[in-house]
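S.K.: Sharing a structure here in structure tokens format.
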Amino acid sequence: MKITWFGTASLAVQTQRGRLLIDPFFPFPGSPTRVPPDAFDGYAHILVTHGHFDHIQSLPRLCQGERRRILCTQTPFDTLKKRGVAEDMLARIEPGDIFEIDGMRVTAFQSRHVKYDGTILRRTLLSPRMLRHARNLPRAIRGFLKYPENGETLGFLIEADGARLFVMGSLNLAVDVAYPTGMDLLVLPYQGTSDLLTPAIQIVDRLKPRAVLLDHWDDAFPPISNTVDTSDVERHFASILPVHRLNPGEHLEI
């Protein structure tokens with residue numbers, strides 16, 4: 001199983017029999033993250049972890065001129081339909097659903113979105129980057145208002161070719177869900193609150209993965225995102241398990 005990271009939460013998963021996309025996106029102007037315009041061509045199946053704009057805002061563009069099958073919960077389903085995505089390209093899924101995509105067995109798990117705290121909100125709003133990237137603010141504000149999450153964040157267990165991959169949509173888990181453990185690779189979002197290390201440790205301790213891939217740490221949507229220093233989590237787990245941090249477009253195999 002080959003996993004390619006394009007930036008933020010955007011991943012491609014490829015196996016011997018097929019491939020799929022998760023949360024594909026194109027960054028805001030001024031972002032150091034670069035995604036080629038044809039990066040997502042030819043992918044017929046797309047999984048959506050939740051409905052925030054940085055996870056689904058690019059999907060209407062990607063559905064122009066190419067048939068896709070987008071699997072998502074009710075809220076992103078409704079949002080994408082309002083944004084012009086044809087209903088026959090959308091498929092509703094719920095936590096607990098198990099389905100197959102090109103020989104990959106996918107299980108959807110109820111998860112939770114990270115809780116923004118006052119510190120990170122003040123740090124973002126008072127940053128001089130707000131002026132430097134002011135042209136992006138109207139788009140970001142519309143994104144926050146028009147793309148709700150509505151408590152529907154999912155995690156996906158993807159199994160194929162003898163490998164097990166667990167992809168989280170945000171840095172949080174539901175308390176009462178029995179998640180899989182011991183997966184070959186955990187994709188761990190690393191942005192969204194002022195204390196990232198504590199929930200990362202709790203999640204790794206709970207899921208016990210063999211390796212971790214950090215995502216969502218990049219500055220794809222300036223000025224409301226930023227490039228996160230991941231050295232703390234890399235140091236913490238250095239003697240325990242591999243922690244991977246890729247550049248956009250790079251991949252690893254499990």
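The values are calculated or read from the model by the stated rules, or taken from the named source; none is laboratory data. Worth saying up front: this structure is predicted, and the values here are computed from it rather than measured. Note: ideal-geometry Cβ built from the backbone for every residue, glycine included; neighbour counts use all protein chains shown.
S.K.: I'd like the full set of residues that are modelled with pLDDT of 95 or more and either over 18 Å from the mean Cα position of the chain (by Cα) or among the β-branched types (Val, Ile, Thr) (or both), limited to the stretch 65-82.
M.R.: Initial filter on the stretch 65-82 (modelled with pLDDT of 95 or more): 68-82.
Answer for the stretch 65-82, where residues must be modelled with pLDDT of 95 or more and either over 18 Å from the mean Cα position of the chain (by Cα) or among the β-branched types (Val, Ile, Thr) (or both): Arg68, Ile70, Thr73, Thr75, Asp78, Thr79, Lys81, Lys82.
S.K.: For Ala178, all conditions in the list (1) on the phi < 0 side of the Ramachandran plot; (2) within 18 Å of the chain's Cα centre (by Cα) hold save one; what is the number of the exception?
M.R.: Failing condition for Ala178: (2).
S.K.: Every residue in the stretch 73-118 that is among the aromatic types (Phe, Trp, Tyr), surrounded by 13 or more Cβ atoms within 10 Å (Cβ to Cβ) and in contact (Cβ under 8 Å) with a residue 60 or more places away in the chain, please.
M.R.: Phe109
S.K.: Give the residues of the stretch 165-192 that are closer than 12 Å to Val204 by Cα and hydrophobic (A, V, I, L, M, F, W, C), sorted by residue number.
M.R.: If the condition is that a residue be closer than 12 Å to Val204 by Cα and hydrophobic (A, V, I, L, M, F, W, C), then Phe166, Met168, Leu171, Leu173, Met183, Leu185, Leu186, Val187, Leu188 are the ones that fit.
S.K.: Another question, if that's okay. Please find, within the stretch 83-119, the residue that is farthest from the chain's Cα centre (by Cα) out of those that are β-branched (Val, Ile, Thr) and more than 26 Å from Glu159 (Cα to Cα).
M.R.: Narrowing the stretch 83-119 to residues β-branched (Val, Ile, Thr): 85, 93, 98, 101, 106-107, 114, 119.
Applying the additional criterion that residues be more than 26 Å from Glu159 (Cα to Cα) yields 85, 119.
Details: Val85: 20, Thr119: 23 Å.
So, considering only residues that are β-branched (Val, Ile, Thr) and more than 26 Å from Glu159 (Cα to Cα), the one farthest from the chain's Cα centre (by Cα) is Thr119.
S.K.: Continuing with this model, one more query. So in the stretch 137-154, with the set limited to residues that are in contact with a Gly (Cβ under 7 Å, 6 or more places away or on another chain) and not hydroxyl-bearing (Ser, Thr, Tyr), which one is farthest from Val177 (Cα to Cα)? Break it down into steps so the answer makes sense when it comes.
M.R.: To start, the set of residues in the stretch 137-154 that are in contact with a Gly (Cβ under 7 Å, 6 or more places away or on another chain) comprises 147-150, 152-154.
Then drop every residue that is not not hydroxyl-bearing (Ser, Thr, Tyr), which leaves 148-150, 152, 154.
Details: Pro148: 23, Glu149: 19, Asn150: 18, Glu152: 14, Leu154: 12 Å.
Checked the stretch 137-154; the qualifying residue farthest from Val177 (Cα to Cα) is Pro148.
S.K.: Now for a separate question. Does at least one position in the stretch 57-64 carry a residue that is among the small types (Gly, Ala, Ser) and either within 18 Å of the chain's Cα centre (by Cα) or modelled with pLDDT under 95 (or both)? Even if it seems obvious, please write down each step before you answer.
M.R.: Just the residues of the stretch 57-64 that are among the small types (Gly, Ala, Ser), to begin with: 58.
So of that shortlist, the ones also either within 18 Å of the chain's Cα centre (by Cα) or modelled with pLDDT under 95 (or both) come out as 58.
Within the stretch 57-64 (the criterion being among the small types (Gly, Ala, Ser) and either within 18 Å of the chain's Cα centre (by Cα) or modelled with pLDDT under 95 (or both)), the answer is yes, since at least one residue qualifies.
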